[in-house]
Amino acid sequence: MDKCDFLIIGGGIIGISIARELKRRHPNATLLLIEKEKGYGLHASGRNSGVLHAGFYYTADSFKAKFTQEGNQRLAAYCESRNIPVNKCGKLVVAQNKSELTQLDELLVRAKNNNVPLKSITEEEAKAIEPRVRTFERALFSPTTSSVNPSQVVQAMRNDASQEGLKLHSGVRYLRKTGKGAVKTSQGNIEFGYMVNAAGLYADKIAQDFGFSKDYRILPFKGLYLYSNEPVGSFQTNIYPVPDLRNPFLGVHFTVTAEGKVKIGPTAIPAFWRENYKGLTNFNFNELMEIIFRQAGLFWSSDFDFKNLAFEELQKYSQAKLVSLASSLAEGVETKSFRKWGEPGIRAQLLNIREKKLEMDFVTEGDERSLHILNAVSPAFTCALPFADFACDKIADLSTH
């Protein structure tokens, strides 16, 4: 039986960041991180848009507001220290009609409350930044939004973690809890002093074994990306629509990657099992039944109009539909230029089954033996470093009570 002071389940950016911070605070402790896949960051951490968000979407009382700006600065600095390219291209948020101008104003208020740089600019000023942009009367420009290659970031952090004395074991799947401080894995039992569950799409399942996540279940949403075959430099900046602030998705947008290429996405299509990336890959009948049951319930009753969201999103499996939606944000956007589908991602979105609502912010639960990261959705990648500090503070607090 393996023994460790701290066991971390999940080798995405959140799990690795928490493990590294725990090791920094407890240099003499033994830390073991297990990841069910053969590599690290192969799910949401490596399949997200790679955007380092600025932090102006969120209300000032939220964890997201608290972590995003600091996370943006720290992760950009980390990348530069490891020679990982950062594309400091910024972001335009555009309006399509007069009614959306009030939403731009709301984002400006939130940016001011969160001390995030955000400029209100005219249509002409927006075109000076991005000649192809389409906006109604005015737009917002976020100078601190940038993009990176998320897989490069996770691999650099994994290498750092190994050099810092953490034990990382891939290909080790959590199976079940076997005792107060012990779990069974696909490679044998592990005894621990404290356990951190950062298992993403399966965080709720593991939490239930420990008596948590009673009111929560993961509801997966699929993010598709469509890549442009236009040359590098065809777009100067990210272009986003005004978001519907009632749900946690930002809408289909243009992302300029770290390499300067452009992609449309991501979607937020309801998935039918947790790792429903492509075709019947990773098919799980029990998950299919459970998720269809959850979706059916939301279809008839939810606080965010799941029925309309699902109908609109399912249409985005169509390349023509996705390009058509994106063409309202920029000129010269044609189906012939957007042919290549990228690797899809799955958002591990937390659903409050009691209130039938999607959780908009980070959610954690825990006690003196374990901490469970139940909702670490976008912009969790941007927030990873300050969120790790928060999680470790919480572990310290829970451990002393």
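The values are calculated or read from the model by the stated rules, or taken from the named source; none is laboratory data. Note that this is a predicted model, so its numbers are computed, not measured. As a convention, Cβ positions derive from the backbone with ideal geometry for all residues, glycine included, and neighbour counts pool all protein chains shown.
Which residue, of Ala54, Ala65, is touching a residue at least 60 places away in the same chain (Cβ under 8 Å) and aliphatic (A, V, I, L, M)?
After applying the criteria, what remains is Ala54.
Any residue at all in the stretch 321-335 that's crowded, with 22+ Cβ neighbours inside 10 Å, assigned to a loop (DSSP other than H, G, I, E, B) and out of contact with any helix residue (DSSP H, G or I) (no Cβ under 7 Å at 6 or more places or on another chain)?
Taking every residue of the stretch 321-335 in turn, at least one turns out to be crowded, with 22+ Cβ neighbours inside 10 Å, assigned to a loop (DSSP other than H, G, I, E, B) and out of contact with any helix residue (DSSP H, G or I) (no Cβ under 7 Å at 6 or more places or on another chain).
Trp341 is checked against (1) under 25 Å from Gln69 (Cβ atoms); (2) assigned by TED's automatic domain parsing to the domain that holds Phe235 and fails just one. What number does that condition carry?
(1)
Of Glu37, Glu106, which residue is surrounded by fewer than 24 Cβ atoms within 10 Å (Cβ to Cβ), within 25 Å of Gly200 (Cα to Cα) and either in contact with a helix residue (DSSP H, G or I) (Cβ under 8 Å, 6 or more places away or on another chain) or in contact (Cβ under 8 Å) with a residue 12 or more places away in the chain (or both)?
Result: Glu37 is the single residue among Glu37, Glu106 that is surrounded by fewer than 24 Cβ atoms within 10 Å (Cβ to Cβ), within 25 Å of Gly200 (Cα to Cα) and either in contact with a helix residue (DSSP H, G or I) (Cβ under 8 Å, 6 or more places away or on another chain) or in contact (Cβ under 8 Å) with a residue 12 or more places away in the chain (or both).
Taking the stretch 288-298 as the search range and keeping residues that are farther than 20 Å from Leu224 by Cβ and surrounded by 13 or more Cβ atoms within 10 Å (Cβ to Cβ), which one is farthest from the chain's Cα centre (by Cα)?
Only one residue fits best here, namely Gly297.
Can Leu175 be described as free of Cβ contacts under 8 Å to residues at least 12 places away in the same chain, in a strand (DSSP E or B) and not β-branched (Val, Ile, Thr)?
For Leu175, the condition - free of Cβ contacts under 8 Å to residues at least 12 places away in the same chain, in a strand (DSSP E or B) and not β-branched (Val, Ile, Thr) - is met.
For Ala111, are the conditions met, namely being outside any loop (DSSP other than H, G, I, E, B) and in contact with a Ser or Thr (Cβ under 7 Å, 6 or more places away or on another chain)?
Details: outside any loop (DSSP other than H, G, I, E, B): yes; in contact with a Ser or Thr (Cβ under 7 Å, 6 or more places away or on another chain): no.
Judged against the criteria, Ala111 is not a match.
Can you tell me which of (1) surrounded by 15 or more Cβ atoms within 10 Å (Cβ to Cβ); (2) assigned by TED's automatic domain parsing to the domain that holds Asp204; (3) of a type in the set (Asp, Glu); (4) out of contact with any helix residue (DSSP H, G or I) (no Cβ under 9 Å at 6 or more places or on another chain) is the one Asp397 doesn't meet?
(1)
Sort through Val183, Val252, Val196 and tell me the only one that's modelled with pLDDT under 95, crowded, with 20+ Cβ neighbours inside 10 Å and not hydroxyl-bearing (Ser, Thr, Tyr).
One residue alone meets the criteria, Val252.
Among the numbered criteria (1) without any contact (Cβ under 8 Å) to a residue 12 or more places away in the chain; (2) touching a strand residue (DSSP E or B) at 6+ places or on another chain (Cβ under 8 Å); (3) farther than 23 Å from Lys38 by Cα, which single criterion is violated by Ser162?
(3)
Could you please find all residues in the stretch 287-325 being touching a Pro at 6+ places or on another chain (Cβ under 7 Å) and closer than 27 Å to Thr255 by Cα?
Scanning the stretch 287-325 gives Ala310, Glu313.
If the requirement is being outside the structural domain of Asp389 (by TED's automatic domain parsing) and in contact with a Leu (Cβ under 7 Å, 6 or more places away or on another chain), which of these qualifies: Ala111, Ala77?
Ala111
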